[in-house]
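Colleague: Have a look at the structure that comes next, please.
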Amino acid sequence: MDDPRGETFLIAQSLPAERLDAFLRTRYPSVSRATIQRLIEQGHITINGRAVKPAHHPRAGEEVSVCWPEPKPMVATPQPIPLPILYEDADLLVIDKPAGLITHPGTGYEEHTLVNALLYHCAGNLSGIGGVLRPGIVHRLDKPTSGCLVVAKSDAAHMALQRQFSERSLEKIYLAITCGQVPLVTGEIRAAIARHPTQRKRMAAVDEEKGGRQAHTSYRVRERLREATLLEAKLHTGRTHQIRVHFQHLGHPLLGDETYGARQNQRLAELTGYHPPRLMLHSWKLAFTHPRTRRLVPCEAPVPEDFKQAVQALRLDEKKQLKIEY
């Protein structure tokens, strides 16, 4: 009997200029290239019965065997990962999320996420509204983004915080470095955002008539750098990738953003010789009303060293020191 989770086929012609993972991506368009690479590395995809690398070049007559692994339910488990905590009480906590830390588990990322760390730190005392994979998570930050992130310990706190996000009554201020000189010292960006029509992992500025959701960002330039600008951006709405999309829309994508500004980042590197280690975006300040006490809770995440180093490397006056004040 044929294995319903397996398939074997022959490669019809040699493809010396194409990688195996790219070739299989065209055969299985609904499967991401990252997933195909992982299946090759785990031995679920073989050539002539042997394990190969994702970069293997397909050759005519080779037999490709694909065995799709059985799906397994994802369960987040506690892990003792250090957490920089800015504020904590019985109802909630605010984390200074390090750059590179993924907020919650997903396909390919079942461990070493913020949720794994929270389950250990809070001993399971987290809101369940987000489900088993997102306990306590009220909002998220992209993997390369650092800074303030609030987490709910109870369902009541979760709902109250979620309401503040939806009503836009919180204050969210980011520090960002953009490619090029943003011309105005202060400005407002109002451009609706929706999923990119052809690239599903990206967002795009789209007219509301075409399905875009209203989005509003204001900004203030803090310092002009070599071929770049240090600024603070205030979110008045909370769309996915909002700051990244809005500054791309303005013509000044963020430093280190290969998704929305690869060309501009390449030019900046050519002109300055500087290559950023990550997306230069930091969730600097977050202020909200405490769900139970109704008092204002202002939080500030210290500027990370890699962000300071990026500013220093691009400074017009290298003797100046980065000083972020209230």
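Nothing in this text is a laboratory measurement; each read-out follows from the coordinates by a stated rule. What you are looking at is a predicted structure, and each value in this text was computed from that prediction instead of being measured. FYI the Cβ positions are ideal-geometry reconstructions off the backbone, even for glycines, and counts take in every protein chain you see.
Colleague: With +1 on the Cβ of every Lys and Arg and -1 on the Cβ of every Asp and Glu, and nothing else charged, how large is the dipole of region 6-67 about its Cα centre, in debye rounded to the nearest 20?
Modeller: Working: 8 positive and 6 negative charges, 34 e Å.
Value, rounded to 20: 160 debye.
Colleague: Run the dipole for region 122-205 about the Cα centre, Lys and Arg Cβ at +1, Asp and Glu Cβ at -1, nothing else charged, and hand back the magnitude in debye, nearest 20.
Modeller: Values: 12 positive and 5 negative charges, 76 e Å.
Roughly 360 debye, rounded to the nearest 20.
Colleague: For the pair V31 and R163, what calculated FRET efficiency results from E = 1/(1 + (r/R0)^6), where r is the Cβ-Cβ distance and R0 = 35 Å, to the nearest 0.05?
Modeller: On the way: r = 38 Å, r/R0 = 1.10.
With a Förster radius of 35 Å, E is 0.35.
Colleague: Now, a different point. Lys and Arg at +1, Asp and Glu at -1: add these up for the other residues within a Cβ distance under 12 Å of A117 and post the number. Mind showing how you got there, number by number?
Modeller: Details: positive: K97; negative: E111.
Neighbourhood net charge equals 0.
Colleague: How many percent of the alpha carbon pairs in region 41-157 exceed a separation of 20 Å?
Modeller: Details: 3448 of 6786 pairs.
Considering region 41-157, 51 percent of its Cα-Cα pairs are separated by more than 20 Å.
Colleague: Region 172-226 to region 111-133: how many Å between their Cα centroids?
Modeller: Spelled out, the Cα-based centre of one part sits 31 Å from the other.
Colleague: Let me know the charge dipole size of region 72-167 about its Cα centre in debye, to the nearest 20, where only the beta-carbon of Lys, Arg (+1) and Asp, Glu (-1) is charged.
Modeller: On the way: 7 positive and 9 negative charges, 50 e Å.
Value, rounded to 20: 240 debye.
Colleague: Let me ask something else about it. Amide H to amide H under 5 Å from K153: which residues, 5+ apart in sequence or cross-chain, H placed 1.01 Å off N in plane?
Modeller: L92, L93, S127
Colleague: Could you tell me the calculated FRET efficiency between A17 and T240, based on Cβ-Cβ distance and R0 = 35 angstrom, to the nearest 0.05? All intermediate terms of the calculation are to be shown ahead of the outcome.
Modeller: Numbers: r = 35 Å, r/R0 = 1.01.
For A17 and T240, the calculated efficiency is 0.50.
Colleague: What is the local net charge at T293, summed over the other residues whose Cβ is closer than 12 Å to its Cβ (Lys, Arg +1; Asp, Glu -1)? Walk me through the intermediate numbers first.
Modeller: Details: positive: R292, R294, R295; negative: D89, D91.
In short, +1.
Colleague: Would you work out if region 205-326 is rounded, prolate or oblate? Take a ≥ b ≥ c from the square roots of the eigenvalues of the alpha-carbon gyration tensor; rounded if a/c is under 1.5, else prolate when a/b is larger than b/c, oblate otherwise. Please report the intermediate quantities before stating the final value.
Modeller: On the way: a/c = 2.47, a/b = 1.20, b/c = 2.06.
The shape class here is oblate.
Colleague: Could you calculate the contour length gain from T8 to A269, that is, 0.36 nm times the residue separation minus the distance between their Cα atoms, to one decimal place in nm? Before the final figure, lay out the partial values.
Modeller: Working: separation 261, 0.36 × 261 = 93.96 nm, distance 4.54 nm.
Additional length available on full extension: 89.4 nm.
Colleague: OK, next. For the chain, build the charge dipole from Cβ charges (+1 Lys, Arg; -1 Asp, Glu) around the Cα centre, then report which of P98, I243, A34 sits farthest towards its positive end.
Modeller: Farthest towards the positive pole: I243.
Colleague: Amide H neighbours of R222 under 5 Å, at least 5 residues apart or on other chains, H built in the peptide plane: list them.
Modeller: L230, L231, E232
Colleague: Pick out, from Q309, G6, L230, the residue whose Cα sits farthest towards the positive end of the charge dipole of the chain, with +1 on the Cβ of Lys and Arg and -1 on the Cβ of Asp and Glu.
Modeller: It is L230.
Colleague: Would you list D257, D306 from fewest to most Cβ contacts within 10 Å? Could you put the intermediate results ahead of the total?
Modeller: Values: D257 27, D306 15.
Going from sparsest to densest Cβ surroundings: D306, D257.
Colleague: For the pairs K143/K210; K285/K308; K97/K153; K97/K143; K201/K308, note any where the Cα-Cα span goes beyond 19 Å.
Modeller: Working: K143/K210 29 Å; K285/K308 16 Å; K97/K153 17 Å; K97/K143 9 Å; K201/K308 29 Å.
The pairs that break the limit, which is 19 Å between Cα atoms, are K143/K210; K201/K308.
Colleague: Simple spin-label model, 7 Å along Cα-to-Cβ: A156 to H196 in nm?
Modeller: 4.4 nm
Colleague: Figure the gain on full extension for E70 and Y120 (residue separation times 0.36 nm, minus the Cα-Cα span) and round it to one decimal in nm.
Modeller: Numbers: separation 50, 0.36 × 50 = 18.00 nm, distance 2.84 nm.
15.2 nm is the gain from fully extending E70 to Y120.
Colleague: A further question on this structure: Which ³J(HN,Hα) values in Hz, rounded to whole numbers, follow from the phi angles of region 253-263 under the Karplus curve 6.51 cos²θ - 1.76 cosθ + 1.60, where θ = phi - 60° and Gly and Pro get x?
Modeller: Residue by residue, region 253-263 yields x, 6, 4, x, 8, 6, 6, 10, x, 4, 5 Hz.
Colleague: Not counting the cut sites, what is the longest span of the chain without GluC sites (Glu not before Pro) that DSSP labels loop and that have at most 10 other Cβ atoms within 10 Å?
Modeller: Numbers: sites that count: E318, E325.
Answer - 1-317.
Colleague: Which of A192, C299, N125 sits farthest toward the positive end of the charge dipole of the chain, with +1 on the Cβ of Lys and Arg and -1 on the Cβ of Asp and Glu?
Modeller: Ranked along the dipole, the leading option is A192.
Colleague: So how do S127, S14, S166, S154 line up by other beta-carbon neighbours within 10 Å, fewest first? Mind dumping the intermediate values first?
Modeller: Values: S127 23, S14 13, S166 9, S154 19.
With the fewest neighbours first, S127, S14, S166, S154 line up as S166, S14, S154, S127.
Colleague: Using θ = phi - 60° and the Karplus curve 6.51 cos²θ - 1.76 cosθ + 1.60, what whole-Hz ³J(HN,Hα) does each residue of region 215-228 get, with Gly and Pro shown as x?
Modeller: 9, 9, 10, 10, 8, 9, 6, 9, 7, 8, 10, 6, 6, 7
Colleague: Give the Rg/Rh ratio for the chain, taking Rg as the radius of gyration of the Cα atoms and Rh as the Kirkwood radius, to two decimals.
Modeller: Numbers: Rg = 22.9 Å, Rh = 22.3 Å.
Dividing the radius of gyration by the Kirkwood radius yields 1.02.
Colleague: Could you give the distance between the Cα centres of region 299-314 and region 47-72, to the whole Å?
Modeller: That distance is 44 Å.
Colleague: Which trypsin sites (Lys or Arg not before Pro) in region 182-225 sit in a loop by DSSP (not H, G, I, E or B) and have at most 12 other Cβ atoms within 10 Å of their own Cβ?
Modeller: Within region 182-225, the qualifying trypsin sites (Lys or Arg not before Pro) (loop, at most 12 other Cβ atoms within 10 Å) are R200, K201.
Colleague: Fully extended, how many nm does the chain gain between R224 and L184 (0.36 nm per residue separation, minus their Cα-Cα distance)?
Modeller: Values: separation 40, 0.36 × 40 = 14.40 nm, distance 1.11 nm.
Result for the pair: 13.3 nm of gain on full extension.
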